[in-house]
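Notes for the one structure printed next.
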Amino acid sequence: MTERLTIDHVGHRGDGVALSDAGSVFVPYALGGEVVEVEPLASRPDRARLLRVETASPERIAPFCPYFGACGGCAVQHWQMEAYRAWKRQIVIDTLAQARIDCTVAELIDAHGAGRRRITLHARRDGGGKLRVGLAAPNSHAIVPIDACPILDPGLDGALDVARILADVLKPANKPLDIQVTATDNGLDVDVRGSGPLPARLIATLSRVAEEHRLARLTRHGELVLMRTPPVIGIGAAQVVLPPGSFLQATVAGEEILAALVAGHCKKAKDIADLFCGVGPFALRLASRTRAAALDSDPGAIEALRKAAAAAPGLKPLKAEARDLFRHPLAPQELREFDAVVFDPPRQGAEAQTRRLAASKVPLVIAVSCNAATFARDARILIDGGYRLETVTPVDQFRHSPHVELVARFERA
């Protein structure tokens, strides 16, 4: 059974939204104002599969990737860029409004740069025993084999070939194999997960693959298989050797833009705490001019930051500490030594640490977030605790997707 719907607008996840008395119906790849023919999903009555666009929006454009719609990576390649950018900024405005937060939201900054510097590819054999290597289909564990991805940084050239070779060596059966590839200054850094224990003969074969394809490093579940050369990225004056599978901002441009916004907001501070610091994209840059303390729950990231700071020329004192800020957030008395705090938590936000900040007297707080909803929750806590939200800047390093980063400045009222 098919239906004919009129799309009202594009929702926060990138789906077209049709409104009716029975509720909203979400239609991926449809745009506001379009009349579309759809097939409702039996398992999800609030969702439908787009069959045909009867009346197209003037903002509709041809997607540039042949896998768009089959691969679950991009949601809105079919949307004209100006309209897409306005929608992504509006996500932040609407989310803040739902939390009763009224503040200036700057124009969206494009941070795609040269493209994504990390990709996680999946490998599995299908029912017929054929090995499939690629990306996940939308809302599914099915694997879409791909030959190229046009949103990747050129530093990832060869990543797909390497993933296919590794998958062929490891021969995944029912359990999926995940192959994470990161572009570093010294080559590809590859971490394989899901393979199970490796016999010696397979380790020898994987080592040969790493040598032949000149991988910087090959690890399995973070355990070293072979390292030809340490996988390094530059952060300010420092050279950081990445821990296996460590978190990085999606694009080089994204990291640089976020760091510049953070530095600009706290340029007068003399003692800065960088919470949820990772390998130090903010702390290592801030330490070029001021004292800093960097804290994160990942001991490997902290050790990498420490070593990079020790070897970097001209840095001010930078203290790095491994600490679980979800279970053991910095208390108000511990925050007294800082005149600025930067925090950049994972998607779940930093509610426990935010409550401690709200009870502190830190004059300046800079929040970086990859989730507007959890940011709004945390921002509400700070505002209710006496902070004033001065400005929010949305940053787009996940182009063609609904994901948006932001940087916000709070001052103690």
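The values are calculated or read from the model by the stated rules, or taken from the named source; none is laboratory data. As the structure is a prediction and not an experimental result, all values here were calculated from the model. Cβ: placed from backbone, ideal geometry, glycine included. Neighbour counts: every protein chain shown. Just so you know, the surface numbers come from the protein's heavy atoms only, side chains and all, with ligands and any DNA or RNA stripped out. Shrake-Rupley method; radii C 1.70, N 1.55, O 1.52, S 1.80 Å.
Structure summary
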item	result
Between segment 54-115 and segment 314-336, the Cα center-to-center distance that results, in Å	36
Helical mean residue ellipticity (222 nm; -39500 (n - 2.57) per DSSP H run of 4+; nearest 500) of the chain	-7500 deg cm²/dmol
Efficiency of FRET from Cβ geometry, K171 and F247, R₀ 30 Å, rounded to 0.05	0.50
Relative contact order, percent, the chain [alpha-carbon distance under 8 Å, six or more residues apart]	13
Portion, in percent, of the accessible area of the chain that falls on carbon or sulfur, probe 1.4 Å	52
Highest-fluctuation residue, A142, A62, A22 considered, GNM on the chain with Cα pairs under 10 Å	A22
Among V190, V279, V105, residue whose mean-square fluctuation peaks in a GNM of the chain (springs only between Cα atoms under 10 Å)	V105
Where labels lie 7 Å past Cα in the beta-carbon direction, separation of S207 and A322 in nm	2.7
Contact order normalised by residue count of segment 287-413, Cα under 8 Å, 6+ apart, percent	20
Cα-centred dipole magnitude for segment 193-351, charges only on beta-carbon of K, R (+1) and D, E (-1), debye, nearest 20	400
In nm, spacing of pseudo-spin labels at T104 and E351 (7 Å Cα→C-beta vector)	3.2
Largest-first ellipsoid semi-axes for segment 317-403, taking √(5λ) over the Cα gyration tensor eigenvalues, angstrom	23, 16, 13
Dipole magnitude of the chain, debye to nearest 20 (Cβ charges: Lys/Arg +1, Asp/Glu -1, about Cα centre)	1060
Matching label, Kirkwood radius over Cα pairs in Å computed from the structure shown, candidates [x] 22.3; [y] 24.1; [z] 23.2	[z]
Distance violations [Cα-Cα > 20 Å] among K267/K316; K88/K267; K270/K361	K88/K267
Alpha-carbon centroids, segment 120-173 and segment 241-289: separation in whole Å	32
26 Å Cα-Cα reach of K130 towards lysines, excluding residues that sit fewer than 8 places from it in its own chain	K171, K175
Charge sum, other residues only, whose C-beta stays under 13 Å from M227's C-beta, Lys/Arg counted +1 and Asp/Glu -1	0
